[in-house]
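The structure appears right after this line, and notes come after that.
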Amino acid sequence: MKKTLTVSAAAIAAAIALAGCAAGTEAGSPATSSMPGMNQGSSAMPSGSAPATSAAASAEFNDADTMFAQMMIPHHTQAVTMSETMLKKDGIPAPVSELATKIKAAQGPEIEKMTGWLESWGQPTAMPTTMPSGHSMSGMMGEEDMAKLEAAQGTEAAKLFLTQMIAHHEGAVMMARTETTDGKNADAVQLSKDIVSDQEAEIQEMKDLLATL
């Protein structure tokens, strides 16, 4: 009787062990198959963490960054419009047409970039109706100025375009310098520095062109 019970106990133990192995194999299959994914996730964390950190850094902004983008978008938009107006005209000196092409090519993508920043920051892309103290849209042309440029032809149009765009660029440089000083977002501050550098060079180029007309 004792021997029979011993065998039975051994058999039961073996059966439990077998069942455990089978269950372990079935349960282990998904777990084993998921391990590569887990390992990939772990190995992907370092590479994934860099964009996350970069995204967090690019999300840092202050009121100066917001105002810079909101003001510079319409400012750039008008410069593009002025350039397009010139490019539709006949009899414009080639260097002036080339400058208009360069301005349009540079400022169009910058408009898209600044619009993207504002959207990612959850800020309105339109400029506020009431400007904070110390902020102004310097260099913007009025409706009458734009109408004169539209109506002008040939060398007269070239001279007017250069004169207007010099003032327009000078206003943009002023706005950009404010962002360089007061801004927080690294990308926006860098753009402001680029605008100062590029547009100051173009101002000198336009003054030189104007002297030849």
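The values are calculated or read from the model by the stated rules, or taken from the named source; none is laboratory data. All values derive from a computational prediction rather than experimental measurement. Quick reminder, even Gly has a Cβ in these numbers, built from the backbone with ideal geometry, and neighbours come from all protein chains shown. Side chains are part of the model used for accessible areas, which takes the heavy atoms of the whole protein and leaves out ligands, DNA and RNA. Shrake-Rupley method; radii C 1.70, N 1.55, O 1.52, S 1.80 Å.
Within the option set Gly154, Gly142, Gly122, Gly116, being on the phi > 0 side of the Ramachandran plot and open to solvent by 20 Å² or more (accessible area, probe 1.4 Å) holds for one residue only, Gly122.
For (1) at pLDDT 95 or above; (2) open to solvent by 40 Å² or more (accessible area, probe 1.4 Å); (3) in a helix (DSSP H, G or I); (4) of a type outside the set (Phe, Trp, Tyr), each residue gets a yes or a no:
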| site | (1), (2), (3), (4) |
| --- | --- |
| Leu5 | no, yes, yes, yes |
| Ala9 | no, yes, yes, yes |
| Ile12 | no, yes, yes, yes |
| Ser42 | no, yes, yes, yes |
| Gln70 | yes, no, yes, yes |
| Thr81 | yes, yes, yes, yes |
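Checking each residue in the stretch 162-213 for being surrounded by fewer than 16 Cβ atoms within 10 Å (Cβ to Cβ) and among the β-branched types (Val, Ile, Thr) picks out Thr163, Thr181, Thr212.
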